[in-house]
1. Being at pLDDT below 95, under 22 Å from residue 383 (Cβ atoms) and of a type outside the set (A, V, I, L, M) is true for just one of 29, 62, 17. Which residue is that?
2. When you scan the range 16-118 for strands (runs of 3 or more DSSP E) that lie fully inside it, which ones turn up with 1 or more residues that are within 16 Å of ligand 2 (Cβ to nearest atom)?
3. Go through the range 315-333 and give me each residue that's within 13 Å of ligand 1 (Cβ to nearest atom) and assigned to a loop (DSSP other than H, G, I, E, B).
4. What are the residues in the range 257-288 that are among the aliphatic types (A, V, I, L, M) and either in a helix (DSSP H, G or I) or away from ligand 2 (no atom under 16 Å from the Cβ) (or both), if any?
5. Restricting the range 242-256 to residues that are of a type in the set (S, T, N, Q) and part of a loop (DSSP other than H, G, I, E, B), which is nearest to the chain's Cα centre (by Cα)?
6. Would you mind finding the one in 220, 203, 256, 244 that is in contact with a strand residue (DSSP E or B) (Cβ under 8 Å, 6 or more places away or on another chain), away from ligand 1 (no atom under 15 Å from the Cβ) and not acidic (Asp, Glu)?
7. Working carefully through the options 156, 192, 175, find the one that is assigned to a helix (DSSP H, G or I) and under 24 Å from the mean Cα position of the chain (by Cα).
8. Right, residue 295: over 16 Å from residue 175 (Cα atoms), within 11 Å of ligand 1 (Cβ to nearest atom) and surrounded by 24 or more Cβ atoms within 10 Å (Cβ to Cβ) or not?
Amino acid sequence: MKTQTYILKCQTVATMDPTLAAAYGLLTDAAIVIENGFISWVGQHADLPKKFNSLMVKDFADRLITPAFIDCHTHIVAGGNRAEEFEMRLTGVSYADIAKAGGGIISTVKATRSATEDQLLTSALQRVDALLAEGVSLIEVKSGYGLDVECELKMLRVARRIGNSRNIRVVTSFLGAHAIPPEFSGRSDEYLNQVCIPTLKRAHAEGLVDAVDGFCETIAFSPAQIAKLFDVAKQLGLPVKLHAEQLTNLGGSALAASYAALSVDHIEYLDEAGVKAIANSGTVATLLPSAFYTLKETQVPPIDLLRKHNVPMAIATDCNPGSSPNSSLLLTMNMACTLFNLTPEESLAGVTGNAALALGLQDTGIIKPGLRADLAIWNVNQPAELCYRLGINNLAQRILGGHYA
Ligand code: NIG
Ligand code: FE
């Protein structure tokens, strides 16, 4: 549709606006006025202000409109694949043992280093296209499979190129503190000081970094090392987020909270003290049920405590070749319900409003006047259907910044 200013009409709109009383911020017999890429009015069609009467109306009848989806945690740029490790894990070898033996993240580092920018882009786009087909308008993309200056920069450039190659917004996170590369084995402090931090500064200077991430874990970096990295992020004026409490509880979430982190991610082993810390800092809990599923984890994140302390919960694919070879947010929403007992409403908030919060963005994620018109239109009658069906993609139309996309 070329017109910049128009009205969308439909039976049901799940605005996901938490200030509205109804579940899902639901409106029926609804209309959305879109002007120059932004939402200027939302409400019941019967209440449409007269000044909009002359605008063209696009009637989506009995369909459902939601905010477009946001995948707020991906490692979508990566070389090679780890099907052999999948087979090994099926025989009982653990993710941590594979990592200790030089596989895991390090095997993807080798494949990513030897790939060209174009090869990385081509393979990433296959996964991006799968997300786009499910109504995704915005993805976060991490580095962290380079672990040297050139390859970390290469990954971030590819991430930016995704945004130029497809109709999608991309935000980047620098994840140089993802693993210790083989050439620094046993010398993680040297890696951090000599490679990771200087690379962050250079990538930031090139405009390639929107946030700084790390992996705080016994098999990765200690809280003290992450603090050192976050101090640099703070000096550079960059927000932080953290892979924390995925396999053990090292107190990474509380540390991240002390830096007002945008999100802490995974958090299967988070305790109540950690939940209180992130509640106080306004940090989003990003749940990654597909990594939990793939690794056959049995420790469920502390969902009830997150609810009790009103911590916003986001959900993401964690799309990566090892712990989550998954490019479907619809499937991930189902997993969040079935594996973590989230309600379908919490799941939908997790890939819309709360996912935007996890990226520090206030211009998208809910359907509300003043926000970007990033919308998904579905061939379903009620929002719970999006979480309930497996293997069916009911997307009818994606709208990005007011444009059919
Ligand atoms: O989010 N936890 C650490 N990082 C990734 C795993 C990446 C990999 O296995 O390649 C994650 O699960
Ligand atoms: Fe991750």
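1. 62
2. Once the strands (runs of 3 or more DSSP E) in the range 16-118 are filtered for at least 1 residues that are within 16 Å of ligand 2 (Cβ to nearest atom), what remains is 69-71.
3. 316, 317, 318, 319, 321, 322, 323, 325, 326
4. 257, 260, 273, 275, 277, 278, 279
5. So, considering only residues that are of a type in the set (S, T, N, Q) and part of a loop (DSSP other than H, G, I, E, B), the one nearest to the chain's Cα centre (by Cα) is 246.
6. 203
7. 156
8. no
The values are calculated or read from the model by the stated rules, or taken from the named source; none is laboratory data. Computed from a prediction, not measured in an experiment: that's the story for all the values here. Backbone-built Cβ (ideal geometry, glycine too); neighbour counts: all protein chains shown.
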